[in-house]
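Read the structure below first, then the notes.
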Amino acid sequence: MKADEHKHHQRMGSHGMVLFSDGDRLFASHLPLYQAPHDYQLIYEVELQSQEKLIAQLISGEQTEEHMLTLLPEHFDLNKLIEGESITLNATVFKGHFERGGKPWLSEQEVFFKKPLYRRQLTGNVSANAEPNQWHSILLSEQRLLFVHLIGPAPSFDAIYLAEQCQLKESAKTSIEYSFENAELVANFRQCHSQKALYVEFQDFKG
């Protein structure tokens, strides 16, 4: 969908996000759903007032749902991020998933959406014939990548991995093991020395 087309479709509302870090920078990923107005995978580099505190929290343990940080900005039009704008919003940071018992941790945080890294609309791009387990790579540094799972038809999953010491000339070979029943995922990006799951979500994509 072209930018001038989705301006006619307001996406004003509440758009929750998950926060993650590579140890140096902070990123926010929109929590997508199959239905509008939330039918976009979006990843931005962001800056918050409590940047160092948030990064320290994120890299201190495993990114399980109990230890994850989610962000709930004030109501805004998601089209601004879809179109790649740099905007500033007030938001609350939650420990845990803000819709699943997460607790407010840092309120009135000013969030600067600095740089768009990834955009993909689910509506119209999720085909029953799509090849499963496709990943998009985002170059963060010379040997550091983010791998983003392309959400497919239900049942599917949303996932973001950080991979280190990657041979960038080699194609993105992956070894994937997952269980929808147990909501477990293990991904191995074989051109990289190490990988770590930053975010994995099954529940919203059961169908």
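The values are calculated or read from the model by the stated rules, or taken from the named source; none is laboratory data. What you are looking at is a predicted structure, and each value in this text was computed from that prediction instead of being measured. Every residue, glycine as well, gets a Cβ built from its backbone with ideal geometry; the counts of neighbours run over all protein chains shown. With ligands, DNA and RNA removed, areas are computed over all heavy atoms of the protein, side chains included. Shrake-Rupley method; radii C 1.70, N 1.55, O 1.52, S 1.80 Å.
The residues of segment 95-104 that are open to solvent by less than 70 Å² (accessible area, probe 1.4 Å) and either in a strand (DSSP E or B) or among the aromatic types (Phe, Trp, Tyr) (or both), listed by number, are Gly96, Phe98. Do we find a residue being without any contact (Cβ under 8 Å) to a residue 24 or more places away in the chain, part of a loop (DSSP other than H, G, I, E, B) and out of contact with any Gly (no Cβ under 7 Å at 6 or more places or on another chain) anywhere in segment 148-164? So far as segment 148-164 goes, no, none of its residues is without any contact (Cβ under 8 Å) to a residue 24 or more places away in the chain, part of a loop (DSSP other than H, G, I, E, B) and out of contact with any Gly (no Cβ under 7 Å at 6 or more places or on another chain). For segment 75-94, the tally of residues that are open to solvent by 60 Å² or more (accessible area, probe 1.4 Å) and acidic (Asp, Glu) stands at 1. Taking the condition under 30 Å from Val93 (Cβ atoms), of a type outside the set (Phe, Trp, Tyr) and open to solvent by less than 70 Å² (accessible area, probe 1.4 Å), does Leu117 pass? Spelling it out, Leu117 is indeed under 30 Å from Val93 (Cβ atoms), of a type outside the set (Phe, Trp, Tyr) and open to solvent by less than 70 Å² (accessible area, probe 1.4 Å).
Scanning segment 26-74 for residues that are in a strand (DSSP E or B) and open to solvent by 40 Å² or more (accessible area, probe 1.4 Å) yields a total of 2. Enumerate the pairs (first residue in segment 41-52 and modelled with pLDDT under 95; second residue anywhere and among the aromatic types (Phe, Trp, Tyr) and open to solvent by 10 Å² or more (accessible area, probe 1.4 Å)) with beta-carbon separation below 6 Å, excluding pairs fewer than 6 apart on the same chain, so at least 6 apart or on different chains. Correct list of pairs: empty, since none qualify.
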